[in-house]
Amino acid sequence: MSRMLLIIYNFKPQSSNQSKKYELLLPYLEKKYKEIDVLTSYHAGLKYTEKLSDITTVYRTNHKWLAKGAREKPAVINSKNITQKIKRLVKSIVYSFLWPDFARFWIRPALKLAIDLCQIKNYDTVVTVSFPFSCHIVGLKLKNMFPCLYLIVDYIDPFAILTNKDDSGNNSLLYRYFNFHYEKRVNFAANKILLSYQSSNNYPQKLLKVIRHKLLVVPPWQTLSCTDFENAKNNYFGGNKLSLLYIGSLYARIRNPEYALSILSRASNLNCNIYFVGHKEGCDKIISQYKSSVSPAFHFLDKVNGGTALEMLKSADILVYIDNSTSKQLPSKILEYLYVNKKIILFINDVSSPTYVFLKNHDFLSAMIFVVNKSVFSDQSLLKLEDFVRKDINSVRSPALENFNIEKFAEVYFCFPTNSNY
């Protein structure tokens with residue numbers, strides 16, 4: 001039995017899709033490691049040190065510029081609030097010059113704490129998880145100081161294939177050389193590298209050849225806690241109107257809500273509330289055009305905690321899904337949507353969109369999913385969409401989801417060595 005340090009910027013309750021993966025994996029990893037420490041970001045209202053079990057402890061640290069409140073309730077986005085708009089503008093300007101990403105100032109306190117922990121705990125394995133890439137910088141410096149560490153780098157979406165258009169996390173026009181240079185350094189130092197299927201297909205061949213012997217391709221998997229979902233309340237949305245829900249991040253460059261909003265706003269015959277919940281980057285101008293809509297009524301909320309998100313998913317009548325504009329990334333949220341087992345309105349640019357291809361290849365397309373294909377959508381399609389929203393459909397959860405559950409992927413992660421004799 002050995003010790004593991006997990007370096008991940010977001011961890012519960014400040015969760016992300018990547019952190020959910022490890023939150024669900026912890027019970028399985030605890031069977032393999034005698035001690036697991038999680039090094040993550042601190043935010044107001046959280047404990048600096050928190051014992052999750054006899055085996056797992058969370059350590060939090062941060063720079064004062066990055067620490068924020070651990071908000072429990074969703075805040076309504078007010079695009080007319082001048083102070084809010086100025087803060088976002090200043091933040092976007094500052095972030096455009098930060099390298100490697102917004103968590104730049106977290107690196108120093110995180111590294112200091114990681115060094116202290118390494119000296120005390122004598123870890124065998126260190127796992128670094130992006131996004132943000134800053135976590136890998138901490139891992140790289142740690143590996144240089146403690147070369148016997150077995151370093152596992154969980155990229156999923158690495159710097160080397162992402163551009164500004166793909167939302168690379170920094171200004172790739174300005175920092176493209178640094179992105180490649182430091183990713184190569186991280187790759188060289190790593191003992192094992194995890195990539196998504198989409199990333200491995202798009203990874204530059206000259207870099208892929210170097211890391212092929214270290215590479216583990218990880219398909220998407222269902223990161224929703226089935227137990228927590230079943231126990232979640234089912235009364236978040238009140239009233240007699242239908243509730244349509246999009247939950248997840250939106251980006252002007254890779255997951256733009258403009259087309260989805262324009263189509264849904266045309267469905268004026270529907271008596272419904274439409275909720276867009278989550279982080280929205282560069283979308284203020286688009287959102288402001290629809291805030292005053294009454295039929296249907298749009299509601300734009302900030303990111304919510306995991307418990308509230310589960311309540312929303314369980315309470316919603318229909319789920320809204322917006323596919324990525326880049327084939328380099330597959331939004332993992334689609335597997336959560338499929339597990340929830342409700343009607344889904346899927347917005348795609350064309351039939352080559354990554355989520356549509358994934359659903360088709362794995363036989364997930366069914367009467368429960370209405371595909372809004374931007375390249376062929378018509379007035380007749382709008383009538384069919386309205387009919388889809390109104391009608392009841394008997395649903396059965398696809399048995400194919402079993403291929404993407406936590407147990408399957410815990411087996412993949414168990415292949416990691418647990419000693420430092422390499």
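The values are calculated or read from the model by the stated rules, or taken from the named source; none is laboratory data. These numbers come from a predicted model, not from an experiment. FYI the Cβ positions are ideal-geometry reconstructions off the backbone, even for glycines, and counts take in every protein chain you see. The accessibility values were calculated without ligands, DNA or RNA, using every heavy atom of the protein model including side chains. Shrake-Rupley method; radii C 1.70, N 1.55, O 1.52, S 1.80 Å.
For the pair Lys408 and Asn122 in one chain, pulling the backbone fully straight at 0.36 nm per residue adds 100.0 nm over the alpha carbon distance.
Take the Cβ atoms of Leu216 and His299, set R0 to 35 Å, and the FRET efficiency comes out at 0.30. Residue ranges 189-196, 115-122 sort as 189-196, 115-122 when ordered by packing (mean number of other C-beta atoms within 10 Å per residue, highest first). To the nearest 0.05, how large is the calculated FRET efficiency for Ala44 and Ile115 if R₀ is 22 Å and r is the Cβ-Cβ distance? Calculated value: 0.30. For the stretch 375-412, the set of trypsin sites (Lys or Arg not before Pro) satisfying both a DSSP loop assignment and a count of at most 10 other C-beta atoms within 10 Å is given as Lys391. Taking a Cβ cut-off of under 14 Å around Ser375, the surrounding Lys, Arg, Asp and Glu residues balance to a net charge of -1, with basic ones at +1 and acidic ones at -1.
Report relative contact order for the stretch 208-283 in percent, whole number only (criteria: Cα-Cα under 8 Å, sequence separation at least 6). Present the calculation step by step, with values, prior to reporting the outcome.
Details: 53 pairs, mean separation 27.7, N = 76.
Normalised by residue count, the contact order of the stretch 208-283 is 36 percent.
From the alpha carbon centroid of the stretch 1-59 to that of the stretch 345-385 is 37 Å.
For Arg253, the accessible surface of its heavy atoms amounts to roughly 110 Å² (probe 1.4 Å, protein chains only, rounded to the nearest 10). Between the amide H of Val372 and those of Leu346, Phe347, Ile348, distances stay under 5 Å, these residues lying 5 or more places away or on another chain, with hydrogens modeled in the peptide plane. Counting only protein chain heavy atoms and rolling a 1.4 Å probe, the accessible areas of Val351, Val127, Val396 rank, largest first, as Val396, Val351, Val127. Accessible surface calculations at 1.4 Å, restricted to protein heavy atoms, place the stretch 246-346 at 32 Å² per residue.
Taking a ≥ b ≥ c as the square roots of the eigenvalues of the Cα gyration tensor, the stretch 231-277 is classed as oblate, since a/c reaches at least 1.5 and a/b does not exceed b/c. In this rough spin-label picture, where each label sits 7 Å from Cα along the Cβ direction, the Leu208-Ser292 distance is 5.1 nm. The residues neighbouring Ser15, those whose beta-carbon lies less than 11 Å from its own, together hold a net charge of +3 under the Lys/Arg +1, Asp/Glu -1 convention.
Simple spin-label estimate for Lys51 and Asn341 gives 3.9 nm between the two label positions (7 Å along the Cα-to-Cβ direction from each Cα).
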